[in-house]
Each structure stands twice: as C-alpha cells, then as structure tokens.
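The values are calculated or read from the model by the stated rules, or taken from the named source; none is laboratory data. Keep in mind that this is a model prediction, so the values were computed, not measured. A quick note on method: Cβ atoms are made from the backbone with ideal geometry, for glycine too, and the neighbour counts reach across all protein chains shown. Note: areas computed on protein heavy atoms with side chains; ligands, DNA, RNA excluded. Shrake-Rupley method; radii C 1.70, N 1.55, O 1.52, S 1.80 Å.
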Amino acid sequence: MKQVVLLGVLAATGLAFAPLTTSGPYIDSQGRAWSQLPNLGDYASAADFDLEFAHEVFTTVDGHRFQIDRPWTPEEAAANAANGQVNRGAGQVPGGSIRAAVYGTHPVDEEYRSAFNNNIPNIRTHVIGLINSADAAMKANWGIDLVPRKGYKWDSNDNGDIVQLLNEAYSEGGGLNGQDMMIAFSNDSTPGGAIGVAYLGLPRGLVKKYGNSEANITEHEVGHMYTLNHCCDTNCTMQAYLDTGAFHGFHNYSESCSGQNHYSLMNNQKNRY
C-alpha cells in the first residue's frame with residue numbers, strides 16, 4: 001500500500017506534493033484527520049480500499065457528512081460494460097399521486113459543457129433525460145418527482161477534490177438558486193477519481209460524467225441526500241461500488257451493513273425537500 005496522506009504527515013517529513021485544493025481536513029469515524037481524501041490508487045486492491053472506506057462516513061470542517069463513491073477498477077469497468085444496465089422495475093409499491101415535486105438547479109462545469117461542444121440546448125435535454133431516469137424508482141415508490149428547473153455555467157478548479165468541486169458549484173451558483181435541490185454535473189478529472197458525492201441529509205450533490213452511468217450515480221447521490229448510507233446488498237443502488245445492474249434497487253428490509261430499511265426510511269421523509 002502506498003502512503004495515504006493524513007494531516008500533518010507531509011509537514012513532518014518535509015515531502016513535497018502537487019498542490020491540491022480540498023475542503024478538508026476531513027474527519028473519519030475514528031477521529032483521524034485527512035488532508036486529502038483516500039485514493040483507490042493508493043491501495044493494493046479495490047477490496048483493500050473497500051474494507052476500510054466502503055462504509056466510512058467523513059465529516060467536513062462545516063459539519064457536513066459524506067461517503068466516498070469510488071471509481072471502477074479496469075476489471076470492474078469491463079464487467080459492467082459486458083453486463084450492460086439492467087432495466088429493473090422502477091418500484092414495488094405505486095407512488096400514486098405526486099406528493100413531493102422537488103425542483104432542482106443543475107450547474108455544469110466547463111469540462112462537462114465541452115463534452116457537448118458547449119451546445120446548451122443539448123446539455124439541457126441530456127440533464128432532463130437523466131434526471132427523469134434517475135428518479136423513476138423514487139417517483140414510483142414514494143412520489144418523489146425530481147423536476148429540473150434551472151442551470152448555470154460553473155468553472156471548476158482543476159486541482160480541486162470532489163468535495164471542493166461540490167462546494168464550488170454550490171457557492172458560485174448562489175446556493176440552491178431558489179430551488180429545493182442542487183445536483184451539479186462535472187467532467188473534471190478530479191484528483192482521487194471519485195465519481196460522485198452528496199452530503200448526507202442535505203440537498204446538494206455532484207455527479208461526474210462517467211461512461212453511460214450518470215443516471216445510476218445521480219440516483220445514488222440523491223439517496224445520500226435522503227440520508228441513505230452505503231449498503232452491502234448486491235441488488236442495492238446504494239452500494240459503495242457502482243453496480244449498473246442495481247439501478248432502481250432499493251431494499252425493503254433492515255440491511256445489515258447500513259442498518260437501514262430504504263422503504264420505511266424514504267416513506268417517512270418523502271416530503272423532506
């Protein structure tokens with residue numbers, strides 16, 4: 001395992017490193033302070049990384065809590081590409097009439113805009129489509145309807161970690177921009193490679209352009225906004241590892257790793273936003 005940088009280690013050793021903008025230090029559940037988020041590449045295997053961080057909850061200096069949503073290994077990427085996305089049914093319990101329209105604002109950074117040749121109408125159509133795909137299970141089960149309403153151009157810091165990018169998107173666009181929830185989209189090559197992040201229980205998240213998996217990641221990050229933690233159920237959309245076959249997978253029992261029952265938890269807070 002490579003050296004993982006805890007706060008103060010580099011200062012003590014006198015080692016130099018490339019400038020990185022973070023919103024750290026980040027405090028883990030053991031009280032350790034991390035000057036940089038743990039990086040999958042610093043570990044011998046994804047299994048080693050997941051053993052320590054799959055269910056870890058970090059806290060920012062502002063008291064916001066989050067979990068690390070790591071990228072795929074090359075082997076995992078190949079396996080998911082081969083399997084494709086499973087079109088799982090949107091839900092087991094009909095949501096009935098819409099109970100909670102959640103209006104969203106969606107900042108897009110310069111790298112994301114560039115991926116669409118800066119064609120704003122195409123970006124708008126793409127974002128609306130993936131939001132409509134991402135909320136299908138939540139709409140069917142709990143009447144949670146994510147409605148894109150606003151967007152804005154945002155220039156991301158190329159040296160910022162993913163939490164820094166989330167905070168930038170939020171501050172540069174005037175917070176929630178008069179809406180209920182912010183889901184930002186970025187194609188920045190974030191140090192550490194995390195593919196998404198959201199604050200637990202707060203309406204702010206960021207999704208990376210990651211293959212054809214943006215809708216999966218968006219559903220996952222919105223789950224975090226509704227206080228859902230990472231789980232171990234291989235049919236669950238809230239796994240720390242992105243599993244495209246688990247899209248729309250929410251469990252209706254008390255799951256061992258998270259200690260949560262998605263159906264009861266989401267039903268109790270369907271009007272959270």
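Observations on the structure shown:
- The stretch 102-116 - phi-based ³J(HN,Hα) in whole Hz, Karplus 6.51/-1.76/1.60, Gly and Pro as x: 10, 7, x, 10, 9, x, 10, 7, 5, 5, 5, 4, 4, 5, 10
- Residue among Val61, Val207, Val222 with the largest mean-square fluctuation in a Gaussian network model of the chain, springs linking Cα atoms under 10 Å: Val61
- Taking all protein chains into account, the per residue accessible area for the chain stands at 42 Å² (1.4 Å probe).
- Length-normalised contact order of the stretch 181-253 in % [C-alpha pairs under 8 Å, at least 6 apart]: 24 percent
- Across the accessible surface of the chain, with the other protein chains kept in place and a 1.4 Å probe, carbon and sulfur atoms take up 50 percent.
- Taking the helices alone, the chain has a mean residue ellipticity at 222 nm of -8500 deg cm²/dmol, built from -39,500 (n - 2.57) per DSSP H run of at least 4 residues and averaged over all its residues.
- Put a plus charge on the Cβ of each Lys and Arg, a minus charge on the Cβ of each Asp and Glu, and nothing anywhere else: the dipole of the chain about its Cα centre is then about 840 debye.
- Taken as Cα centroids, the stretch 111-135 and the stretch 243-273 sit 27 Å apart, rounded to the nearest whole angstrom.
- Average Cα contact separation per residue, the chain, under 8 Å, 6 or more apart, as relative contact order %: 21 percent
- Which label in (1) 128; (2) 167; (3) 115 gives the computed volume of the Cα convex hull per residue in Å³: (1)
- Between the stretch 53-70 and the stretch 190-205, the Cα center-to-center distance that results, in Å: 9 Å
- Base-10 log of normalised Debye intensity for the stretch 118-234 (one unit scatterer per alpha-carbon) at q = 0.11, 0.15, 0.16, 0.18 Å⁻¹: -0.34, -0.65, -0.74, -0.96
- Gaussian network model of the chain, Cα within-10 Å springs - most flexible of Arg65, Arg204, Arg124: Arg124
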